[in-house]
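No lab work stands behind these numbers, since they all come straight from the coordinates. Fair warning: this is a prediction, and the values are worked out from it, not measured in the lab. Glycine gets a Cβ as well: all are built from the backbone with ideal geometry, and neighbour counts include every protein chain shown.
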Amino acid sequence: MLQDLSPPLTSARPLAAFASHPARTRGRRFQEPVAPTRDDFQRDRDRIVHSSAFRRLVYKTQVFLNHEGDLFRTRLTHSLEVAQLGRSVARALGLNEDLVEAIALAHDLGHTPFGHAGQDALNACVKASDPTAPAGLNGFEHNLQSLRVVDELEHRYPAFDGLNLSFETREGILKHCSMANARALEALEPGGVGRRFLDKTQPSLEAQLCNLADEIAYNAHDIDDGVRSGLITLTQLTDVPLFDEHRCATLAEYPDLAQPNSGRRLLYETIRRMLSAQIYDLMAATSQALQDQGIGSVEAVRQAPPLVRFSERMAEQSQGLKRFLFSALYRHPQVMATTTRASEVVQDLFRIYNEQPTEMQADFAAQAPVQRAVVDYIAGMTDRFALREHERLTGIRWQGGVP
Ligand code: MG
């Protein structure tokens, strides 16, 4: 039956000349028969959604720890928001929506438990350990770990490790990479996803778009979560030009929202307008850049400077919002207190598993080098599994509550 479906279902809208076309993919690491009803990027997205690393995102911290409240973003809901924003822009610009969705859903798969605190702690542990150890790790980078998840750590298919995703999806997942790790990747896969960091070329527009959609998503939802937690206030936000411009516009149209009991509606409407303004700005500035530089192919995209961008004014406003969130929320004493505890948990786990590898799940305990297995094991943990393991191994119970 399926073989009779013709033509094969592909992206819903015609793709622009500078979009990534599935028919011109650079392919997978292991050859596979084509799927009858899905193109390569659609298939990548489906594999990501069915992976166990994707399911674990629901119990991983974005900013607030998973157990601190049911309404805060987790890495899973964050990834869905990035996919939604990315797809909207992709559709308007004629980019490949399916590739954007695949990259967005996979972009945080390598994140440790406890958000950036966990990543920083794991990075410090690896860097402080014996540099001549056979694991040969150049610190811990979550983008590289996301790639490792889809290339190696998922064990679902009989013929290969990982999800065997297309080059374009893997390239998008590897958003940043240190030069040392890019060289290591290049040695393993010449001309592969590490090459662009050495050549200083750009990835596809779909990958560039996911980077900015990520930023737009977390700037907006961290305001929402920050206010919900009580750590930042609407009054503080009036000092942030991007927020205040849209707050004033909302109040001009709906003066009743100035009532104290309308705070949440005012917040939501302001965030909604702020999101729309950033998305429309991004679409306009990117279209302009594509036009100005006469970009007509993916190859031209790779050689050009980054093309997915905000206007100068919006870039400045967005920076202002980031600076505010950094000082008022991410460095808030209550967030810092959980950050410190989270780092201690990761450090303890790293030390204990390295000393006693058999404390890890059997398939990790059996792997060599030990340090590589320890890093993969810890990075794959959800917040609550890490806390349970920590309590089991040290007897210390996490006392942190809702900030
Ligand atoms: Mg993200």
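With equal scatterers on the alpha carbons only and no solvent term, can you work out the Debye log10 of I(q)/I(0) for the range 114-219 at 0.13, 0.19 1/Å? Each listed q maps to, in turn, -0.55, -1.14. In Å, what Kirkwood hydrodynamic radius results for the range 46-200 from the alpha-carbon pair distances? Hydrodynamic radius (Kirkwood, Cα only) of the range 46-200 equals 16.5 Å.
In this structure, residue 363 and residue 284 have a Cβ-Cβ separation that, at R0 = 30 Å, corresponds to a calculated FRET efficiency of about 0.05.
If you run the Gaussian network model on the chain, springs between alpha carbon atoms under 10 Å, then out of 44, 98, 130 the most flexible one is 130.
When peptides 359-372, 195-208 are sorted by average Cβ neighbour count within 10 Å, with the highest value leading, the order is 195-208, 359-372. The Cα atoms of the range 161-209 give a gyration tensor whose axes a ≥ b ≥ c have a/c of 1.5 or more with a/b no greater than b/c, which makes the shape oblate. Label positions at residue 180 and residue 356, each projected 7 Å from the Cα along the C-beta direction, are separated by 3.1 nm. Result for the chain in a Gaussian network model with C-alpha springs under 10 Å: among 296, 230, 86, the largest mean-square fluctuation is at 230.
Considering the chain, its Cα convex hull presents a mean projected area of 21.9 nm². Between residue 311 and residue 161, the distance separating the two model label sites (each 7 Å from Cα on the Cα→Cβ line) works out to 4.9 nm.
Charging the Cβ of each Asp and Glu at -1 and of each Lys and Arg at +1, and nothing else, the dipole of the chain about its Cα centre rounds to 40 debye. Counting every other Cβ atom within 10 Å of each residue's Cβ, 232, 173 order from fewest to most as 232, 173. Take 145-153, 21-29, 385-393 and order them by the average number of nearby Cβ atoms within 10 Å per residue, most first; the result is 145-153, 385-393, 21-29. Note on the range 205-333: dipole from Cβ charges, positive end direction compared against 282, 233, 213; the farthest Cα belongs to 233. Overall, the range 205-333 carries a charge dipole of about 260 debye about its Cα centre when +1 sits on the Cβ of Lys and Arg and -1 on the Cβ of Asp and Glu, all other atoms neutral.
Charging the Cβ of each Asp and Glu at -1 and of each Lys and Arg at +1, and nothing else, the dipole of the range 181-254 about its Cα centre rounds to 340 debye.
Within the listed set 286, 61, 233, the Gaussian network model of the chain (springs between alpha-carbon atoms below 10 Å) gives the highest mean-square fluctuation for 233. With the convex hull of the Cα atoms taken as the outline of the range 205-333, the averaged projected area works out to 8.7 nm².
Peptides 340-347, 288-295, 157-164, ordered by how many other C-beta atoms sit within 10 Å of their residues on average, highest first, read 340-347, 157-164, 288-295.
Gyration tensor over the Cα atoms of the range 274-370: the corresponding equivalent ellipsoid has semi-axes (square roots of 5 times the eigenvalues, largest first) of 44, 25, 9 Å.
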